[in-house]
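A.B. asks: Before anything else, here's the structure in question.
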Amino acid sequence: QVRLVESGGRLVQTGGSLRLSCAASGRTFTRNGMGWFRQAPGKERDLVAAISWNGENVVYGDSVKGRFTASRDNAKNTVFLQMNSLTPEDTALYYCAVTSALLSVSPSRYDYWGQGTQVTVSS
């Protein structure tokens, strides 16, 4: 059974940093793209970062470019999201997901999702 477990979300002040992790189990995803998405109350689920199967290509959502960095460790079946210069607009539930594609920015292409980790940025 495939399972994705996000961790690292918490309350942080504006300008702070967080590092999210997502550990996958049940199978290996060394040939799968992975992604980070976020959803704030009353809003759609948006792309944060999509990372290719080998970690060499990353596509970021416009609102996080230059502040967030996605990476992965295939040996540990884990993907990371380093978030810097956080603002209250970054407050959301952050999900990681796995796609059968080598890289995808579309949520509809993702097959497995975690339960999410809450990030709250206070002003």
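The values are calculated or read from the model by the stated rules, or taken from the named source; none is laboratory data. If you're wondering where the values come from, they're calculated on a predicted model, not measured in any experiment. All Cβ positions, glycine included, derive from the backbone under ideal geometry; neighbour counts span all protein chains shown. These accessible areas exclude ligands, DNA and RNA; they are computed on the full protein's heavy atoms, side chains included. Shrake-Rupley method; radii C 1.70, N 1.55, O 1.52, S 1.80 Å.
A.B. asks: Does the stretch 110-122 contain at least one residue that is small (Gly, Ala, Ser), under 12 Å from the mean Cα position of the chain (by Cα), at pLDDT 95 or above and not in a strand (DSSP E or B)? Before the answer, list the steps.
C.D. replies: Just the residues of the stretch 110-122 that are small (Gly, Ala, Ser), to begin with: 114, 116, 122.
From what's left, under 12 Å from the mean Cα position of the chain (by Cα): 114, 116.
Checking the rest, the ones that are also at pLDDT 95 or above come to 114, 116.
Applying the additional criterion that residues be not in a strand (DSSP E or B) yields 114, 116.
Yes, the stretch 110-122 contains a residue that is small (Gly, Ala, Ser), under 12 Å from the mean Cα position of the chain (by Cα), at pLDDT 95 or above and not in a strand (DSSP E or B).
A.B. asks: Scan Arg45, Arg19, Arg38 and give me the residue that is touching a helix residue (DSSP H, G or I) at 6+ places or on another chain (Cβ under 7 Å) and touching a residue at least 24 places away in the same chain (Cβ under 8 Å).
C.D. replies: Details: Arg19 fails: touching a helix residue (DSSP H, G or I) at 6+ places or on another chain (Cβ under 7 Å); Arg38 fails: touching a helix residue (DSSP H, G or I) at 6+ places or on another chain (Cβ under 7 Å).
Only one candidate qualifies: Arg45.
A.B. asks: Something else: Quickly run through the stretch 26-44 and pick out the residues that are surrounded by fewer than 17 Cβ atoms within 10 Å (Cβ to Cβ) and either closer than 16 Å to Tyr110 by Cα or among the aromatic types (Phe, Trp, Tyr) (or both).
C.D. replies: From the stretch 26-44, those surrounded by fewer than 17 Cβ atoms within 10 Å (Cβ to Cβ) are 26-28, 30-31, 39-44; that's our starting set.
Scanning the stretch 26-44 gives Arg27, Thr28, Thr30, Arg31, Gln39, Glu44.
A.B. asks: While we're looking at this one, here's another question. Do we have any residue at all in the stretch 78-90 that's without any contact (Cβ under 8 Å) to a residue 60 or more places away in the chain, surrounded by 14 or more Cβ atoms within 10 Å (Cβ to Cβ) and farther than 19 Å from Leu11 by Cα?
C.D. replies: From the stretch 78-90, those without any contact (Cβ under 8 Å) to a residue 60 or more places away in the chain are 78-79, 89-90; that's our starting set.
Now narrow it down to the ones that are surrounded by 14 or more Cβ atoms within 10 Å (Cβ to Cβ): 78-79, 90.
If we keep only those that are farther than 19 Å from Leu11 by Cα too, we end up with 78-79.
Yes, the conditions are met somewhere in the stretch 78-90.
A.B. asks: With the condition kept exactly as written, say whether any residue in the stretch 62-73 is on the phi > 0 side of the Ramachandran plot, open to solvent by 40 Å² or more (accessible area, probe 1.4 Å) and touching a strand residue (DSSP E or B) at 6+ places or on another chain (Cβ under 8 Å). Break it down into steps so the answer makes sense when it comes.
C.D. replies: First, the residues of the stretch 62-73 that are on the phi > 0 side of the Ramachandran plot: 66.
Right, trim to open to solvent by 40 Å² or more (accessible area, probe 1.4 Å) and you get 66.
So of that shortlist, the ones also touching a strand residue (DSSP E or B) at 6+ places or on another chain (Cβ under 8 Å) come out as none.
No, the stretch 62-73 contains no residue that is on the phi > 0 side of the Ramachandran plot, open to solvent by 40 Å² or more (accessible area, probe 1.4 Å) and touching a strand residue (DSSP E or B) at 6+ places or on another chain (Cβ under 8 Å).
A.B. asks: In the stretch 45-61, which residues are open to solvent by less than 70 Å² (accessible area, probe 1.4 Å) and closer than 18 Å to Cys22 by Cα?
C.D. replies: Keep residues of the stretch 45-61 that are open to solvent by less than 70 Å² (accessible area, probe 1.4 Å), which gives 47-52, 54-55, 58-61.
Passing the criteria: Leu47, Val48, Ala49, Ala50, Ile51, Ser52, Asn54, Gly55, Val58, Val59, Tyr60.
A.B. asks: I want to confirm something. Restricting to the stretch 30-48 and keeping residues that are closer than 19 Å to Val2 by Cβ and more than 15 Å from the chain's Cα centre (by Cα), which single residue is modelled with the lowest pLDDT?
C.D. replies: Ranking the candidates gives Thr30 first.
A.B. asks: Here's a check for you: in the stretch 91-107, which residue that is among the polar types (S, T, N, Q) and more than 19 Å from Asp62 (Cα to Cα) is least open to solvent (accessible area, probe 1.4 Å)?
C.D. replies: Of all residues in the stretch 91-107, those among the polar types (S, T, N, Q) come to 91, 99-100, 104, 106.
Of the ones still in play, those that are also more than 19 Å from Asp62 (Cα to Cα) are 99-100.
Working: Thr99: 1, Ser100: 77 Å².
Of everything passing the filter in the stretch 91-107, Thr99 is least open to solvent (accessible area, probe 1.4 Å).
A.B. asks: Given (1) at positive phi; (2) part of a strand (DSSP E or B), identify the lone condition not met by Phe80.
C.D. replies: Status for Phe80: all satisfied but (1).
A.B. asks: Mind checking whether some residue in the stretch 58-71 is in a loop (DSSP other than H, G, I, E, B) and touching a residue at least 40 places away in the same chain (Cβ under 8 Å)? Write out each step before concluding.
C.D. replies: Initial filter on the stretch 58-71 (in a loop (DSSP other than H, G, I, E, B)): 61, 65-67.
Remaining after also requiring touching a residue at least 40 places away in the same chain (Cβ under 8 Å): none.
Within the stretch 58-71, not a single residue is in a loop (DSSP other than H, G, I, E, B) and touching a residue at least 40 places away in the same chain (Cβ under 8 Å).
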